[in-house]
Amino acid sequence: MGGDHGPAVCVRGAMIAGQRLEGVRFLLHGDTALIEAELARMPTLRAISEVRHAERAIAMDEKPAQAMRRGKGTSLWNAVAALKEDEAKAVVSAGNTGALMAISKLQLRMAADLERPAIVASWPTARGISAVLDVGANVESDAEQLVEFAIMGAAFHRAVHGSTKPTVGLLNVGSEDQKGHDDVREAHALLRETTLDFDYRGFVEGNDIAKGTVDVVVTDGFTGNIVLKSAEGLARFFTNELKATLTSSLMAKLGALVAIGPLKAMRRRLDPGRVNGGPLLGLNGIVVKSHGSADANGFASAIKVAVDLARSDYSQEIARNVQRVMAAAARGSDPEPQTGVVG
């Protein structure tokens, strides 16, 4: 029921995902009349779906505290409850981000001795897709939390983007060991000294994100959200400027007509819907947040992220690496130092 378009986009997105992903079934939570009206045009989806009626829905502008007070019985609450009761393997929502985070954390709790959840963004780069986290769940993060984000981000990248041994970097103001604040330097030392299921490459800088220098970029939610919003704003500015330039004169329009193929390819490459779906990592269950403005194809992409995570070793990998970090911290150092580390 959430997002800018409600059931019209969410149900159609489920139909597209159902066509692309074998063996997937859906529990659709919300207003039965509105959902059934959409399903009437999609008999294939109707055959693999069950509608769960909810009298109420959480508005996109509700504060998390307000949403928590009136959460029970809403479509968002019921969807997360279905995951908690093992009726579903994942939840996908385009609804209120704060409410989704609060309700999911309350019902599901944290997994594998993790302290806080993180929101991860999939980022198109010169080398493919990188994962950047946290992008807004935590304003401040200490060294231990940054290490947890690295573990979660690597497991996510392996499950969703297919990397065999993800490369991980800590976002910092420089690549030298002495740069950055205490928490970043402490996290750097912990990651460098512990043998984990990924390749830690040390510090990276802001320009390394677009380069795709590493598969996973780790930072606190304050910095990550600013970086994400800045990149989104720059992308919109670039797109608008390009459109204005290519329609500014007859010659420009002719040039655009000649270059229409490459321009369409570039638009597809930068389409946020292609990498839509930001999981709330660290919870005891898979919860994926879709952009509220996503179209049906974008929502289908978010569903695919949820399915990829549900069918992977994601949770077990996080648990293994968290135990390794805890063991290394308890004894002060790891007797098997990680190789291939760039200081």
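The values are calculated or read from the model by the stated rules, or taken from the named source; none is laboratory data. Just so it is clear, the structure is predicted and the values come from calculations on it, not from any experiment. With ideal geometry, Cβ positions are generated from the backbone for all residues, glycine too; neighbour counts draw on all protein chains shown.
Couple of notes before you dig in:
- Any hit, segment 120-129, residues being modelled with pLDDT of 90 or more and either among the small types (Gly, Ala, Ser) or buried (at least 22 other Cβ atoms within 10 Å of the Cβ) (or both): yes
- For segment 209-262, the candidate set comprises residues that are out of contact with any strand residue (DSSP E or B) (no Cβ under 7 Å at 6 or more places or on another chain) and of a type in the set (Asp, Glu); within that set, the residue that is nearest to Arg192 (Cα to Cα) is Asp220.
- When segment 117-156 is filtered for residues that are of a type in the set (Phe, Trp, Tyr) and in a strand (DSSP E or B), only Trp123 remains.
- Restricting segment 88-112 to residues that are crowded, with 24+ Cβ neighbours inside 10 Å, touching a Gly at 6+ places or on another chain (Cβ under 6 Å) and among the hydrophobic types (A, V, I, L, M, F, W, C), the residue that is nearest to Lys72 (Cα to Cα): Ile103
- Members of segment 189-226 that are among the aliphatic types (A, V, I, L, M), within 19 Å of Arg127 (Cα to Cα) and assigned to a helix (DSSP H, G or I): Ile209, Ala210
- Segment 157-188 - residue that is assigned to a helix (DSSP H, G or I) and more than 15 Å from the chain's Cα centre (by Cα) and, of those, nearest to Leu114 (Cα to Cα): Ala187
- Which numbered condition Val92 fails, given (1) modelled with pLDDT of 95 or more; (2) under 17 Å from the mean Cα position of the chain (by Cα); (3) under 11 Å from Gly285 (Cα atoms): (3)
- Residue match in segment 52-65 (condition: modelled with pLDDT under 95 and either within 15 Å of Val307 (Cα to Cα) or assigned to a helix (DSSP H, G or I) (or both)): yes
- Whenever a residue of segment 19-34 is free of Cβ contacts under 8 Å to residues at least 24 places away in the same chain, its partners that are outside any helix (DSSP H, G or I), lying with C-beta atoms within less than 7 angstrom and at least six residues away or across chains, give the pairs Thr32/Val51; Thr32/His53.
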